[in-house]
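The values are calculated or read from the model by the stated rules, or taken from the named source; none is laboratory data. The shown structure was predicted, so the numbers you read here are calculated from the model rather than taken from an experiment. All Cβ positions, glycine included, derive from the backbone under ideal geometry; neighbour counts span all protein chains shown. These area figures cover heavy atoms from the full protein model, side chains too; ligands, DNA and RNA do not enter into them. Shrake-Rupley method; radii C 1.70, N 1.55, O 1.52, S 1.80 Å.
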Amino acid sequence: MGVTPIWPQAVDRSESGELSIHGIGATQLLEQFGSPLYVMDIGEVRQRARHFVQAAANAFANANTHVSYAGKAFLSKRIVRIMIEEGMLVDTCSMGEMSIALAAGAPGRRLVLHGNNKSDEEIELAIQEALPKIVVDEPQEPERIARIAQRLGKRARVMLRVTSGIHAGGHEYISTAHEDQKFGVPLLAAHTDACVCDHDAPVWEAMDAIADGPAIAALKSILSFEDQLELVGIHSHIGSNIHDADAFIQAASRMMLLRKTLYHTDAYVLPEVDLGGGYSVAYTDGEDSMNVDAELSRLAQALHETNRRLGMPAPVISFEPGRWIVAPAGITLYQVGTVKRVNLPQGSKDSEGNPIEQRTYVSVDGGMSDNIRPALYGAQYTALLANRQGSEQTWLSRVVGMHCESGDIVVHECQLPEDVQRGDVLAVPVTGAYGRTMASNYNQVLIPAVVGVDAQGASVMIRRQKIQDLLDLDQD
Ligand SMILES: Cc1ncc(COP(=O)(O)O)c(C=O)c1O
């Protein structure tokens, strides 16, 4: 029996209805590794990484492309090694992320450092390890990096993160290039009409506006520390879970205008433009995921045209996908604890506006501590009974966690068999990104293990926390 495309390709269902991945049953995985359990299809991660790198190279046939995997989506030593083997860099944004990547054996020259509030120690490590890109996030940072580089007797390679003014992304908290937020340096002064640098405006007018903006001032500041800093490019990350290339085209065109402006004012050709991450995946049946082959080609064509119009050579174009690579490769398995049916107030409706009278609350042994996204962003997931077929009749169900919050929801709405009961196993797909990396110990609940599965079998990538881990942290 098949499953729908939101599940990894190696997922199947037996005659009895049990879900398996690479031939290993859900029940066996829980027996061997405990519940709840993050399961990563390692084969799928590798295949998706390869797919993205190839899609970028194919789309930008006339330019060099670099792809960095955004480690914030999910990081472990094994994942780092896969990304390096597939020709990627790894984007990190803390001492912890850099340390895991280095411990995995990644050379510093394959890492990137981000962060809107980097510590001196993080900058020092990045310079010592010769990272090819330290992404400057605020106007005072070049001076600080230059001072540290001077002390170390080295030259740091830096980019500037620029907020283009383009609004994109599924939720305010994951939309990162509008003006009123903490990341990057704005392209335009606040008083300027943001649209001045869009398609139809005359190039010189746009360049005049950009030449007065904070981004160009920050770039000049970087150039003024020539002995300590090498300016390698500009960076634009507009948000997350974006379905098509439209917003990327707008933001990237503005970056090309900034590049032209710097060439005009300082005769400096920025070698690289990094367009960040944000490529969408489908979380539920019927949702769209970004077709990276088609959309990166559209982006490439638009940028080719922009640079031709500006009379500029093509820069190296870089990408930082996280979610697109790992989200669809992960599923979370939970055990059902309690099932409770509640009568709803008159006039209640489901998410599609249909009247409903009852909802079944299915509580599992995890929740917002292993997947905060539904509580944080209202993210939608779905779930499947994974240890058996279950009755044909289904209930409108809400899968909830075990935490002391009524917002502790795993799946807002899905159909589960009417006979779902304590001891059953539920599987939630598309949990490979921003699940384990955003996990917490809320209610002192232990963070589950991550198990990697491929054709060779299953093995622990990150071990389950133990009560002793919690006790060890408490130094009283
Ligand atoms: C700078 C930067 N690059 C890349 C990413 C990865 O985004 P996604 O996982 O949506 O591809 C993020 C996510 O927040 C980011 O902040």
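Per the Debye formula on identical point scatterers at the alpha carbon atoms of the chain, with no solvent, log10 I(q)/I(0) at q = 0.11, 0.12 Å⁻¹ is -0.92, -1.05. Sparsely packed loop sites in segment 1-84 (the GluC sites (Glu not before Pro) outside DSSP H, G, I, E and B with at most 11 other Cβ atoms within 10 Å) comprise E15.
In this structure, the amide hydrogen of D419, modeled 1.01 Å from its nitrogen in the peptide plane, lies closer than 5 angstrom to those of S391, counting only residues at least 5 positions away or on a different chain. Here the extension length gained between N443 and V460 equals 3.7 nm, from 0.36 nm per residue of separation less the Cα-Cα distance. Classification of segment 114-321 by its C-alpha gyration tensor yields an oblate form. The axis ratio a/c (a ≥ b ≥ c) is 1.5 or more, and b/c is at least a/b.
Take the Cα of A57, go 7 Å toward its beta carbon, and the backbone nitrogen atoms of segment 74-100 under 12 Å from that spot belong to 86-88. Computed 3J(HN,Hα) for segment 112-128, one whole-Hz value per residue from the Karplus formula 6.51 cos²θ - 1.76 cosθ + 1.60 where θ = phi - 60°, is 10, 10, 10, x, 8, 8, 6, 7, 4, 5, 5, 5, 4, 4, 4, 6, 4, glycine and proline marked x.
The mean accessible area for residues of the chain, using a 1.4 Å probe and ignoring ligands and nucleic acids, is 42 Å² per residue. Measuring nothing but protein heavy atoms, the accessible surface of the chain at 1.4 Å probe radius is 47 percent carbon and sulfur. With a Förster radius of 45 Å applied to the C-beta separation of A103 and A314, the computed FRET efficiency comes to 0.80. Beta-bridge orientation, the chain: approximately 50 percent antiparallel, per DSSP, counting only bridges with both partners inside.
Computed from backbone phi with θ = phi - 60° and the Karplus coefficients 6.51, -1.76 and 1.60, the 3J(HN,Hα) list for segment 383-395 is 9, 9, 5, 10, 9, 6, 6, x, 5, 5, 5, 10, 10 Hz; x is used for glycine and proline. Summarising the amide proton neighbourhood of H66: residues at separation of 5 or more, or on other chains, whose placed amide H is nearer than 5 Å comprise I317, S318, F319. Only Cα sites of segment 1-126 enter the Debye sum here, all with the same form factor; the resulting log10 I(q)/I(0) across q = 0.10, 0.11 1/Å is -0.44, -0.53, listed in q order.
Legend: calculated FRET efficiency, Q301 to V203, from the Cβ-Cβ distance at R0 = 22 Å, rounded to 0.05, equals 0.70. Legend: calculated FRET efficiency, E226 to E85, from the Cβ-Cβ distance at R0 = 35 Å, rounded to 0.05, equals 0.45.
What is the helix-to-structure angle for 292-310, meaning the angle in degrees between its Cα long axis and the longest Cα principal axis of the chain, kept from 0 to 90 and rounded to the nearest 10? Tilt of helix 292-310: around 10 degrees.
Under a 5 Å amide H cut-off, with hydrogens placed 1.01 Å from N, H235 pairs with L160, R161, V162, D274 among residues at least 5 apart or on other chains. Would you kindly state the longest site-free stretch of the chain, with sites defined as trypsin sites (Lys or Arg not before Pro) in a DSSP loop (not H, G, I, E, B) surrounded by at most 16 other Cβ atoms within 10 Å? That gives 183-421 as the longest site-free run.
Mean residue ellipticity at 222 nm, helices only, the chain: -9000 deg cm²/dmol; runs of at least 4 DSSP H residues each add -39,500 (n - 2.57), and the sum is divided by the number of residues.
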